[in-house]
Structures are given as C-alpha cells and as structure tokens.
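To keep things clear, I will list the structure first and then write my remarks on it.
Quick note: the coordinates plus some simple rules give every number you see, no bench work behind them. Quantities reported herein were computed from a predicted structural model and do not represent experimental measurements. Positions of Cβ are backbone-derived with ideal geometry, glycine not excepted, and every protein chain shown enters the neighbour counts.
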C-alpha cells in the first residue's frame, strides 16, 4: 500500500543527545513536511522540503535539522539544542504540482519522543 | 499513548445521530480547506476537502460547508457510528506549502 512510514513509534532521548526520526514515503510526492504536535495546540511546522536537496525552515525550526537526499526520505534530527523536545512528531507529504492544484497532506502515524 | 490534547472541546452524540463539528479559520486569503480525523496514537487521516470557490461538498456520510463571509468551516457526519470517535481538526492552506491547523474537537459517540 502507498503511504508514509515513520519510525520508531517511540523514542527516548538522553540529555545532550541528538536523535533522528525516520520518514519514508512511497507516494511519489515532491513535498514533505515535519510537524510537531503538542497537547491543546494545532500542528506546528518544523521544516518542509519542496523537492530533493531542498528544504526550508518552518515556524519552529530551532533545535532541529533535516536532509532530503532522496525523494522518498526526509529524516528529522532533534538536536541537543532543542530544550523541550517532548512531543508527538508527524511527517507528511503531498504533491503541490498536481493538476487539480489541491492536494491534501498525507500523514504518517507519528513518533512520540520523550526525555529520559 | 495520547497524541492529542486532553482538554479539547468535546462533542458527545448518540450513535445514529448526526454530528456537526465547527471550525473558525484565520486567513481570508486561504484558498483550500481540509478536514482530518485523528485517532489516539495515530497520524491524521484525510476525510474531505473543499476549495474556496465552493460552499458545500459531500462525501460518503460527510459534508463540509464553507462560509467565507464569517470564515467558518463545518463538518457534518451523518448517522454517527462508534468508529467515528476521534479528534477532528480543520486545516487551511495559506500558501503553497503553508497550512494552518486548528486545535481540534473530540467527538465521542455514545452507544
């Protein structure tokens, strides 16, 4: 089935440690996104990528980094500079160039990151 | 584990009744709107979308209404079922890669 796979489902970070969250899609979408979800808040954009080898900061990029070396993959690294990393992280993709011009984002099932 | 807010507004409906979930959006220039369903511990699932040049769109058991005058979006679910219990939130597109998400409403279906 086509979709977005995020791994791991649960992740624990120690003080001073960087951790990487995986996101893979087989939908052939050009655009990929990382969001953070906190209780009582709407999704907030961390980074997005329009195409391979390109990415842009979102609203809350500080303490995070990404890469887009392959169309299918958009990993997110939560660095030690992110002081409040505990959250549910969601990866999404879509095809903004679709002929209809309107394509919803498709989401993975998330990674829950907690601090040890 | 719980992935969405524990203090979201809650709508409780009897099984078989119709549900109406509302959303106020922020940007009058937004041109595309989406409703998502999110179950606990899972990612958001697309339900239905609507473009700004429409005021109503119907899917299977769901209808989205758009009122641009008051910047209001609603999702109607017909004959609500236990499997509809989840958090529902709207999203608006304010730019090609810029989506603004609502905080959501929890729907509880009572047997």
Comparing A:66, A:78, A:19 in a Gaussian network model of chain A (Cα, 10 Å), the one with the largest mean-square fluctuation is A:19
Expressed to one decimal in nm², the mean projection of the alpha carbon convex hull of the stretch A:56-95 is 3.4
By Cβ neighbour count within 10 Å, fewest first, B:99, B:25 rank B:25, B:99
Cα-based Rg and Dmax for chain B, in Å, come out at 13.6, 42
Mean other chain Cβ within 10 Å across A:99-111 is 5
GNM of chain B, Cα pairs under 10 angstrom: of B:75, B:66, B:11, the biggest fluctuation goes to B:11
For residue B:45 and residue A:27, extending 7 Å from Cα along the Cα-Cβ vector and measuring point to point gives, in nm, a value of 1.5
Simple SL model, points at 7 angstrom along Cα→Cβ for residue A:44 and residue A:10; separation in nm is 2.5
For chain A, shape from the Cα gyration tensor axes a ≥ b ≥ c, cut at a/c of 1.5 then a/b versus b/c, turns out prolate
As a Kirkwood estimate from alpha-carbon pairs, the stretch A:1-59 has a hydrodynamic radius in angstrom of 13.4
Final fewest-first order of B:106, A:44 on the 10 Å Cβ neighbour count is A:44, B:106
The Rg/Rh figure for the protein assembly as shown, Cα atoms and Kirkwood Rh, to two decimals is 0.97
Ordered by fewest other Cβ atoms within 10 Å, a rough proxy for footprinting exposure, A:51, A:60, B:34 read A:51, A:60, B:34
Candidates B:51, B:61, B:93; GNM for chain B (alpha-carbon contacts under 10 Å) flags as most fluctuating B:61
Distance in nm between residue B:31 and residue A:98 label points, each 7 Å along Cα→Cβ, equals 1.5
